[in-house]
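Asker: I'd like to ask some things about the structure below.
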Amino acid sequence: MATRGKLLIIGFGPGSFEQITERARTAIQESDVIIGYNTYVDLIRGLLTDQEIVRTGMTEEVSRAIEAVRQAESGKKVAVISSGDAGVYGMAGLVYEVLIEQGWTEATGVEVEVIPGISAINSCASLLGAPVMHDACTISLSDHLTPWEVIAKRVEAAGMGDFIVALYNPRSGRRTRQIVETQRILLKYRSADTPVGLVKSAYRASQQVVLTTLGEMLEHEIGMLTTVIIGNRSTKVYDGKMITPRGYQRKYTLDRAEQPIKMNERLREEHEPWALHGGVSAGRGEKTKRAGSVEEDASRSLGVALAEGANPSVGVALEARANSFGGVAVVEDATEVVNAAAAPARSSADLAMEAVSLLVNRGVLETSVVAREAQVQGDLFSQPLILEIAVSPGVGNKKLTPAQMAVLLDVVGEDGEFEYTPHHYVILRVPTREPELISEALTAAGMIVQPLGDVVQIKACDFCNLEKTESLPQAEELLRRFGGLSVPKELKIGFAGCGMACYGSVNEDIAMVYRRGKFDLFLGGKAIGRNAHPAQRVAEGLEPEQLLAAVEEILAAYKGKGHPDERFHKFFKRVGDVAGFHHEDYQAPLVIESICGD
């Protein structure tokens, strides 16, 4: 019987050995295989013995998860490592997704253990003082997998709810506007003097801690290794420490050594009449109908409803307006709502709406307020559908006509956006529920519409301003056959209409150069990065039919054998042979200095 493998999904904390839990240490040491991002492997190197190490780059999380499952299914004990906590923007969820996709069950599949670690919000807070002492949330500003529109709404909700906010992945070299937009949103809800802590590489050798404000935080260095903690309205700075009160000012007096209300007396109803005591006297144990104000009873009923998940924006509005009225005019009705809240069959939405109705009927709240607050809720939490497509005037044509520009403006409207790219097309992002109509309008105007994401895109030259168009039919046929084809990772086919290849086609994933009626074929280019390099020339003198057949076979192999998120140049190197074309490592040209120094 085959040995049952095990997956250990380990969060090792901020990075120093002192913050690694004992269970995480033993799990790493008892594993046969360690799989992780390069930097993470280096951080725990002192704990490694003779385990097999699988290291990958930053954006290859899916590949790591797939490899971990594969190795565990072969009977090995596999450690998948994450900094912080593996269940907070870490590898735990992704590994489970891969397992679920393969039909895994806990009873019959490999064993899985998730080992918690200290997440960045906790480690960074400890270096700042005590900023996360009340309701808080974490928001990742990376829009790699989540649309920015959704992230912005979450920031807006955190601002409205006065949450302490911990920002993960706040800014990278190419992603800079998100932190600026986040600051703008939060400044609508809290002062520019709100304390903000910036912690880079917590508990590592390069640790940096900066205490600043919401208004000035962008004046400091913020990058991918920085966690940003933004206080709420009550957060203060004392002696260089960022401190958020826990909210107990009503329960005891903070400026006295001896508290007038002892610890065991704080929750008695006479000391805290605002608490939810359920109408029961702590001293007598008998039911009483507490004579109170609209503030106490209406807020109490709404509190029960909102605690169950009802619309918070409505609750804030009702609480603010209910608190402005005194007397006992609606005590009976509000108490009725509280009693109704105890019934298990009532939903939170029903409770909230009944409280609203009672206040409206008594004249405490206007119906227009309810409608307005409902509109705010709808605007804030509904997720619009955003159509994102690439548009160009043609395979070789790089010129948009005024009529086409007018169509683009009409399609995008006031709520959409354009983004010009270096790949000679325009990205459109348009809120719509009718994407087909937009595509039809653009196509009718003579433009080419291509999908974005992990698909094949064609990047052709301009064929010397459309004066050398002998190979243009092959470029158009490539687009017709393969444009938009789903592949493991975004792939660009570069097409050059002559040997000059002046549009840089030979640096793309797959490239072809037209020479004297035939084509040279190139594979495995890397257009960006410190180790960018041209593609490897694998064939010369291909007839057009041979070229198209070869590209078809190459793409089929990549689609069938490539790992999720694996770029083509890495796939070509890993498999070694694609469609009969053998991979060779790129050799940088050797520069020989002239003896004379010229």
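The values are calculated or read from the model by the stated rules, or taken from the named source; none is laboratory data. Being a predicted model, the structure only gives us computed values, none of them experimental. Quick reminder, even Gly has a Cβ in these numbers, built from the backbone with ideal geometry, and neighbours come from all protein chains shown.
Asker: Can you name every residue in segment 429-448 that is at pLDDT below 90 and crowded, with 16+ Cβ neighbours inside 10 Å?
Answerer: Listed by number, the residues that qualify are Arg429, Val430, Thr432, Ile438, Ser439.
Asker: For segment 203-215, enumerate the residues that are at pLDDT 95 or above and either under 19 Å from Ile243 (Cβ atoms) or aliphatic (A, V, I, L, M) (or both).
Answerer: Val209, Val210, Leu211, Thr212, Thr213, Leu214
Asker: Does any residue in segment 493-518 that is in the same structural domain as Leu548 (by TED's automatic domain parsing) come within less than 6 Å, Cβ to Cβ, of a residue that is acidic (Asp, Glu) and crowded, with 16+ Cβ neighbours inside 10 Å six or more places away or on a different chain, and which pairs are these?
Answerer: What qualifies is Gly494/Glu508; Val513/Asp520.
Asker: Tell me, which residue of segment 381-399 that is at pLDDT 90 or above and among the polar types (S, T, N, Q) is surrounded by the most Cβ atoms within 10 Å (Cβ to Cβ)?
Answerer: Ser392
Asker: Next up: Report, by residue number, each residue of segment 482-502 that is surrounded by fewer than 14 Cβ atoms within 10 Å (Cβ to Cβ) and farther than 22 Å from Pro534 by Cα.
Answerer: Ser486
Asker: Something else: Specify the residue that is nearest to Phe571 (Cα to Cα); the eligible residues are those in segment 512-531 that are surrounded by 11 or more Cβ atoms within 10 Å (Cβ to Cβ) and of a type in the set (A, V, I, L, M, F, W, C).
Answerer: Top of the filtered list is Leu523.
Asker: Okay, next question. Have a look at Gly446, Gly484 and point out the one that is of a type in the set (Gly, Ala, Ser) and within 33 Å of the chain's Cα centre (by Cα).
Answerer: Gly484
Asker: Answer yes or no as to whether Ser83 is over 27 Å from Asp454 (Cβ atoms), in contact with a Gly (Cβ under 8 Å, 6 or more places away or on another chain) and of a type in the set (Ser, Thr, Tyr).
Answerer: Spelling it out, it is not the case that Ser83 is over 27 Å from Asp454 (Cβ atoms), in contact with a Gly (Cβ under 8 Å, 6 or more places away or on another chain) and of a type in the set (Ser, Thr, Tyr).
Asker: Could you list, in sequence order, the residues of segment 487-541 that are small (Gly, Ala, Ser) and under 37 Å from the mean Cα position of the chain (by Cα)?
Answerer: Within segment 487-541, Gly494, Ala496, Gly504, Ser505, Ala511, Gly524, Gly525, Ala527, Gly529, Ala532, Ala535 qualify.
Asker: Now, a different point. What is the residue count in segment 1-25 for residues that are outside any strand (DSSP E or B), farther than 22 Å from Cys124 by Cα, touching a residue at least 40 places away in the same chain (Cβ under 8 Å) and aliphatic (A, V, I, L, M)?
Answerer: 1
Asker: Considering only residues that are closer than 11 Å to Glu388 by Cβ and of a type in the set (Val, Ile, Thr), which ones fall in segment 407-435?
Answerer: Listed by number, the residues that qualify are Ile427, Val430, Thr432.
Asker: Starting from residues that are modelled with pLDDT under 95 and surrounded by 12 or more Cβ atoms within 10 Å (Cβ to Cβ), keep the ones in segment 549-569 and report whichever is nearest to the chain's Cα centre (by Cα).
Answerer: Asp565
Asker: Any chance you could count how many residues in segment 137-172 are in contact (Cβ under 8 Å) with a residue 40 or more places away in the chain and farther than 23 Å from Ile386 by Cβ?
Answerer: Total satisfying the criteria: 7.
Asker: Looking at segment 425-511, what helices (runs of 4 or more DSSP H) fall wholly within it and have at least 1 residues that are in contact with a strand residue (DSSP E or B) (Cβ under 7 Å, 6 or more places away or on another chain) and of a type in the set (Gly, Ala, Ser)?
Answerer: Output list reads 435-444, 472-482.
Asker: Considering only residues that are touching a residue at least 60 places away in the same chain (Cβ under 8 Å) and farther than 15 Å from Val165 by Cβ, look in segment 198-222 and name the one that is surrounded by the most Cβ atoms within 10 Å (Cβ to Cβ).
Answerer: Ala202
Asker: Determine whether Val98 is buried (at least 22 other Cβ atoms within 10 Å of the Cβ) and hydrophobic (A, V, I, L, M, F, W, C).
Answerer: The answer is no for Val98.
Asker: While we're on this one: Please go through segment 196-245 and pick out each residue that is over 24 Å from Arg175 (Cα atoms) and part of a strand (DSSP E or B).
Answerer: Within segment 196-245, Lys236, Val237, Tyr238, Lys241, Met242, Ile243 meet the criteria.
Asker: Now for a separate question. Being aliphatic (A, V, I, L, M), modelled with pLDDT of 90 or more and either touching a Ser or Thr at 6+ places or on another chain (Cβ under 8 Å) or in a helix (DSSP H, G or I) (or both) is the requirement here; does Ile34 meet it?
Answerer: no
Asker: Further question on the same structure: Against the condition modelled with pLDDT under 95 and of a type in the set (D, E, K, R), how does Arg184 come out, does it pass?
Answerer: For Arg184, the condition - modelled with pLDDT under 95 and of a type in the set (D, E, K, R) - is not met.
Asker: Given the criteria at pLDDT 95 or above and surrounded by 14 or more Cβ atoms within 10 Å (Cβ to Cβ), does Leu225 qualify?
Answerer: no
Asker: Given the residues Pro402, Pro451, Pro422, which is the only one that is at pLDDT 75 or above and surrounded by 12 or more Cβ atoms within 10 Å (Cβ to Cβ)?
Answerer: One residue alone meets the criteria, Pro451.
Asker: Also, I was wondering about something else. So Ala68 fits all but one of (1) within 26 Å of Gly173 (Cβ to Cβ); (2) over 19 Å from the mean Cα position of the chain (by Cα); what number is the exception?
Answerer: Looking at each condition in turn, Ala68 falls short on (1).
Asker: Also: With the condition kept exactly as written, say whether any residue in segment 152-161 is touching a Lys or Arg at 6+ places or on another chain (Cβ under 8 Å) and aliphatic (A, V, I, L, M).
Answerer: Scanning segment 152-161 turns up no residue that is touching a Lys or Arg at 6+ places or on another chain (Cβ under 8 Å) and aliphatic (A, V, I, L, M).
Asker: Among the residues that make up segment 26-35, is at least one of them in contact (Cβ under 8 Å) with a residue 40 or more places away in the chain, loosely packed, with under 14 Cβ neighbours inside 10 Å and closer than 20 Å to Pro116 by Cβ?
Answerer: Taking every residue of segment 26-35 in turn, at least one turns out to be in contact (Cβ under 8 Å) with a residue 40 or more places away in the chain, loosely packed, with under 14 Cβ neighbours inside 10 Å and closer than 20 Å to Pro116 by Cβ.
Asker: Still on this structure, please answer the following. Where residues in segment 454-473 are among the aliphatic types (A, V, I, L, M) and surrounded by fewer than 19 Cβ atoms within 10 Å (Cβ to Cβ), which of them is nearest to Cys498 (Cα to Cα)?
Answerer: The residue in question is Leu466.
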